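The values are calculated or read from the model by the stated rules, or taken from the named source; none is laboratory data. Just so it is clear, the structure is predicted and the values come from calculations on it, not from any experiment. Ideal geometry is used to build each Cβ from the backbone, glycine not excepted, and the neighbour counts take in all protein chains shown.
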Amino acid sequence: MSAHAKAVAKLSISSAVAIVSQIAKGKIGAVVLGPAGMGVLSQLKYLWNLLHFLFGLGFYNGLVRHVAEANANNDPKRVREQISTLLCIISVICLTGSLVAMFCAESISLLLFPNDDHTGLVLIVLLAVPLAVTARMYKGILSAYKNVQGIVVSQVTADALSVVTFGILTYSHGVSGAAIALVVYHATRAILNVTIACRSHGARHVIPRMANFSISIIGENLSFSAVSMIIMPTSILTSILVSRWIIAAYGTTANGVFAAAWLVSSVYLRILYESASSYLLPVLASSKSNVDLNIQLDKALRLYMLLVPPVVILLVTTGELAISAMFSRDFSQSGELLVWLLPADLLRIISETIGLSMLANNRLKAYLFPYLCRAATYLLLSQFTLIEHGLSGICYAYAGSHTLYVLLQLGFARRLFGYWPSSRASRIIIRGILCSLVAAFLTTQFPTIIARLATLFCVLGFWTLQSMREPEAIQLLQFIRRKFAGTKPKT
C-alpha cells in the first residue's frame, strides 16, 4: 500500500472527527439560533475566513513547498530561514491588520449586514484572526515535514473540545457565544500545532528567530503569496457577495438555509479533501520529473474518487433527512439544494487536485487563470439564476462554474505536464460522476422517502460492486482492517 494511501487513511480519522464536530455544532446552532442566527454566524465566518487568509499574506503554500524541499535535501539551515522569515513578517502584518480592522468594525458590520448592526460580533471574531493564522502556518510546517500523526492529533483534539465549548457558549450567550467559541477553537489549535511542531522537529527549527531572517526568502515566496492573495480573497469575497445578494433578496433566514446546504456540501467535503491534500502537496513538490508527478497525481485522483462519491451519493439521496438530523426541520429546504451542490463539489475536488500539480511546480499563472474564470462564471450566472430560480439558481450557477473549472484544469495539465488521467483513473472518475448525477436526477424525479432510499440502495450498490474491484479500494480496506485488528500492515 502506498505511503500516500496510508496517510490518507490516517487523515480520514481527523476528517471524520472534524465532520462529526461540524455536524454537532451545526445541530446546536440550528436549534439554539434558528435560521436567522445561522445566517448571521455564516457571514461572520466569511469575514474571519477572508481576514485570516489576507493577513497570512498567502505564504502558506510557499512555506509548505519550500520547507518540504529543504527537508528533502537535508538542509536544516534553509528550513530555519524559511520558517523564521515568513513567520516574523506574518506576525507583524497580522497583528497590525487585526488592530486596524477593530477600529473599522462598525463599517465592516454595515458591509456584511445591510439591515442590522453587529459591531460587537465583528470585534469578537477579529480576535480569532491572529490565532487562526498561527494555527494554519504551523499546520503547514507539520505538513511540510509529512507529520501526519501530529496533524491528526491536533485536529482531533481541537475539534472534539470545540463541540463542548460551542455548545456551552452558544446555549448561554446565543450568537455572541458562538463567536467566542470560534476564538477558543483557534486558540486551542494554535497551541496544539505549535507544541507538536516544537516537540517533533525541535523548537530551534520551528520557532522564528530574527537571527535566521533572510530577505531573499521573501522574494522566493512572493509569487506564491501573490497568487494566494488573489485566489483566497476572491473565493471568500465571492461567497460573501452571493450571500449578500440572498440577504437583500430574501432575508437572513434564506441565507441561513443556503448556508446550511453550503456547510454540508462544500465545507464537509472540503474537510475530507484538505486533510488528504495536506500530504499530497509536499509529495508533488518533491517529484523529480513530470513522469513522477503524473504518477503521484494519478494515484491521488484514483484514491479521492474512491473515497468521495459514496458520501456524495448518500447525501444527495438522503439530503432532507440528513439536514433535519444535522440541523432542524426549519432547514428542510437545504436538502433540496444539496442535489446539485454535491455533484459540483465532486468536480471541484478533481479540479483542485490537478491544480496542486501546478502549484507544486511553480506554474502559478496556470494555477490562477482557471480559478478566476470559475469565480467570474459563478458570479455572473448567480445574478441571473437567483432571480429566475431562487436559491436553487445559485446551485445551478455553482455546478456550471465547476464544470468549466475542471475542463480548464485538465487542459492546462495536459499542456504543461503531458498529464491526462490514465484509463483506470478515468474509469473511476467517470463512474463517480455518473453515479452522482444519476442519484441527483432520480432524487428530483422521485422525491418520496421510499423512492430516495431505493435510489440510494441501487446507485450506491452499483458503485460499490464496481469500485471494490479496484486495487486501491482493496488495499485501503486491508489497511483499515489491519489497523483495527492491531496488526502491522505489510509494506
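Whether a residue is under 30 Å from residue 249 (Cα atoms), in contact with a helix residue (DSSP H, G or I) (Cβ under 8 Å, 6 or more places away or on another chain) and at pLDDT below 90 was assessed, and residue 122 passes this test. Scanning segment 298-330 for residues that are of a type in the set (A, V, I, L, M) and over 19 Å from the mean Cα position of the chain (by Cα), we see that the one that is nearest to residue 32 (Cα to Cα) is 326.
Each residue in segment 137-148 was checked for being assigned to a helix (DSSP H, G or I) and surrounded by fewer than 21 Cβ atoms within 10 Å (Cβ to Cβ), and 0 pass. The number of residues in segment 303-325 that are surrounded by fewer than 23 Cβ atoms within 10 Å (Cβ to Cβ), more than 18 Å from residue 442 (Cα to Cα) and in contact (Cβ under 8 Å) with a residue 24 or more places away in the chain comes to 4. Condition test on residue 238, is it within 28 Å of residue 360 (Cβ to Cβ), surrounded by fewer than 22 Cβ atoms within 10 Å (Cβ to Cβ) and not acidic (Asp, Glu)? Yes. Exactly one residue out of 228, 216 is modelled with pLDDT under 80, part of a helix (DSSP H, G or I), under 24 Å from residue 80 (Cα atoms) and not β-branched (Val, Ile, Thr): that is 228. Checking the stated criteria, residue 2 turns out not to satisfy the condition of being of a type outside the set (D, E, K, R), modelled with pLDDT under 85 and either in contact with a His (Cβ under 6 Å, 6 or more places away or on another chain) or crowded, with 22+ Cβ neighbours inside 10 Å (or both). Can you find a residue in segment 85-94 that is within 23 Å of residue 215 (Cα to Cα), under 18 Å from the mean Cα position of the chain (by Cα), surrounded by 19 or more Cβ atoms within 10 Å (Cβ to Cβ) and of a type in the set (Val, Ile, Thr)? Taking every residue of segment 85-94 in turn, none turns out to be within 23 Å of residue 215 (Cα to Cα), under 18 Å from the mean Cα position of the chain (by Cα), surrounded by 19 or more Cβ atoms within 10 Å (Cβ to Cβ) and of a type in the set (Val, Ile, Thr).
Listed here are the residues, each with its yes/no results for (1) surrounded by fewer than 21 Cβ atoms within 10 Å (Cβ to Cβ); (2) in contact with an Asp or Glu (Cβ under 6 Å, 6 or more places away or on another chain); (3) assigned by TED's automatic domain parsing to the domain that holds residue 81; (4) touching a residue at least 24 places away in the same chain (Cβ under 8 Å).
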residue	(1), (2), (3), (4)
150	no, no, yes, yes
163	yes, no, yes, yes
224	no, no, yes, yes
246	no, no, no, yes
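Table: residues versus (1) modelled with pLDDT of 80 or more; (2) under 24 Å from residue 467 (Cβ atoms); (3) charged (D, E, K, R).
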| position | (1), (2), (3) |
| --- | --- |
| 287 | no, no, no |
| 300 | yes, yes, no |
| 354 | yes, yes, no |
| 363 | yes, no, yes |
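Per this entry, residue 146 is counted among residues that are more than 22 Å from residue 55 (Cα to Cα) and of a type in the set (D, E, K, R). In segment 455-482, of all residues being at pLDDT below 75 and aliphatic (A, V, I, L, M), the one that is farthest from residue 434 (Cα to Cα) corresponds to 480.
Would you tally the residues in segment 113-123 being assigned to a helix (DSSP H, G or I) and buried (at least 20 other Cβ atoms within 10 Å of the Cβ)? Selection size over segment 113-123: 2.
Among the residues examined, residue 186 does not qualify as touching a residue at least 40 places away in the same chain (Cβ under 8 Å), farther than 30 Å from residue 121 by Cβ, of a type outside the set (A, V, I, L, M) and assigned by TED's automatic domain parsing to the domain that holds residue 63.
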